[in-house]
Amino acid sequence: MNILEARNLTKAYDGSHGIFNFDLTVDSGDIVLLLGPNGAGKTTAFTSILGLTNSNYSTLRLLGKSMTESSKVNIGAMVSKPCFYEDMTAVQFLKLFIGIYDIPLTKVEEVLESVGLKQEMHKKIKMYSTGMKQRLDFARAIMHEPKLLMFDEPFSGMDIEAKADFKNILKSLSQTGIVISSHMVGDLESIANKVVIISKGKTLFNGKMEDVQLSGLSLEEFYLERIQMKEAV
């Protein structure tokens, strides 16, 4: 099942920064790794798809239909640094979204347990470490079981255990389409099935992980080769 189709997505800031003719297709069960150096346009691609940035495109469809504000309830996202009401507990914070997503109250404790925050769920968020806040933002993104998940640099502040938990949860979401942007190529190589590499807003590779493997290179070597070829032009 096709979850997301974006074609010719373009957002130019000064003629040289942004994204240019960016394509992204996500099907049910896909884990797509969007790679690029800092400033490559990864966050711009995310915010454009989510409608947080005005952009141009020829196609932008979610679940086979043109994307609308109401259809975005089918998306869960982590973009940029998470923001919270820090005097709230994790439980209180997630309860804010129950009405928006029309989900039962029991889902709050369930999702906090799944991300490893059950023991701290009644602690105020201002007492949380950076990694714990990332876990809480992850819980918020997945609690309504969206069809599309979009994570922009989700591993910031996460320790090794948190990364492992994160990846295990992602692997369990077999009916969901997932896009993860990163400049750390090794974090998701083992579970992603598609790779998109961009630099300076332009796509250098858009294909399957198996194509990367057939090249005889590791993902890191493949990525660096594409970046170096771009810089040499």
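Rank Ile100, Ile198, Ile180 by mean-square fluctuation in a GNM of the chain with C-alpha springs under 10 angstrom and give only the top-ranked residue.
Looking only at Ile100, Ile198, Ile180, the largest GNM fluctuation is found for Ile100.
Only Lys, Arg, Asp and Glu count, each charged at its Cβ (+1, +1, -1, -1), so figure out the dipole size of region 5-144 about its Cα centre, rounded to 20 debye.
Dipole about the Cα centre, nearest 20: 240 debye.
For Lys95, what accessible surface area do you get with a 1.4 Å probe? Give it in Å², rounded to 10.
About 100 Å², rounded to the nearest 10.
Direction-averaged shadow area of the convex hull around the Cα atoms of region 1-41, nm²?
Quarter of the Cα hull surface area: 3.2 nm².
Remind me, what semi-axes does region 133-184 give for its equivalent ellipsoid, largest first in whole Å, using sqrt of 5 times each Cα gyration tensor eigenvalue?
17, 12, 11
Mind ranking Val26, Val73 by accessible surface for me, highest first, 1.4 Å probe?
Largest accessible area first, the list is Val73, Val26.
Quick one: how many Å² of Glu189 are accessible to a 1.4 Å probe, rounded to 10?
For Glu189, the solvent-accessible surface is approximately 70 Å².
Where is the GNM fluctuation largest for the chain (alpha-carbon springs, 10 angstrom cutoff): Lys147, Lys72, Lys133?
Maximum among the listed residues: Lys72.
Leaving out ligands, DNA and RNA, and with a 1.4 Å probe, what % of the accessible surface on the chain is carbon or sulfur?
Carbon with sulfur: 49 percent of the solvent-accessible area.
Can you compute the equivalent ellipsoid semi-axes for region 107-233, i.e. the square root of 5 times each eigenvalue of the Cα gyration tensor, sorted largest first and rounded to whole Å?
Values for region 107-233, descending: 32, 16, 12 Å.
Of all the Cα-Cα pairs you can form in the chain, what percent are over 29 Å apart?
Across the chain, Cα pairs with separations above 29 Å total 28 percent.
Going out from 0 in 5 Å bins, what whole percent of all Cα-Cα distances in region 171-233 drops into each bin?
Reading the bins upward from 0: 4, 15, 29, 26, 15, 8, 2, 1, 0.
Over 23 Å, how big is the tail of the calculated P(r) for region 1-91, in percent of all Cα pairs?
Pairs farther apart than 23 Å: 29 percent.
Treating cross-link reach as a plain straight distance, find the lysines whose alpha-carbon is under 19 Å from the alpha-carbon of Lys171, omitting any fewer than eight places away in the same chain.
List returned: Lys147, Lys163, Lys194, Lys208.
Per residue, what volume in Å³ does the Cα convex hull of region 51-147 take up?
108 Å³
Taking a probe of 1.4 Å, how large is the accessible area per residue of the chain, in Å²?
Value returned for the chain: 50 Å² of accessible area per residue.
If you split all Cα-Cα distances of region 18-58 into 10 Å bins from zero, what percentages do you get per bin, shortest first?
Bin by bin from 0 Å, the calculated values are 25, 55, 20.
Roughly how many Å² of Leu96 are accessible to a 1.4 Å probe, to the nearest 10?
We get 80 Å² for Leu96.
Would you mind telling me which residue in Thr53, Thr43, Thr25 has the biggest mean-square fluctuation in a Gaussian network model of the chain, where springs connect alpha carbons within a distance under 10 angstrom?
Result for the chain, Cα springs under 10 Å: Thr53 fluctuates most.
What share of the DSSP beta bridges in the chain is antiparallel, in percent to the nearest 5?
55 percent
At 7 Å along the Cα-to-beta-carbon direction for both Lys202 and His17, put a label point, then send me their distance in nm to one decimal.
With each label placed 7 Å out from Cα toward Cβ, I get 1.9 nm.
The values are calculated or read from the model by the stated rules, or taken from the named source; none is laboratory data. This one's a predicted model, so the numbers in the text were calculated from it and none came from an experiment. No Cβ is skipped: glycine too gets one built from the backbone with ideal geometry, and neighbour counts run over all protein chains shown. Just so you know, the surface numbers come from the protein's heavy atoms only, side chains and all, with ligands and any DNA or RNA stripped out. Shrake-Rupley method; radii C 1.70, N 1.55, O 1.52, S 1.80 Å.
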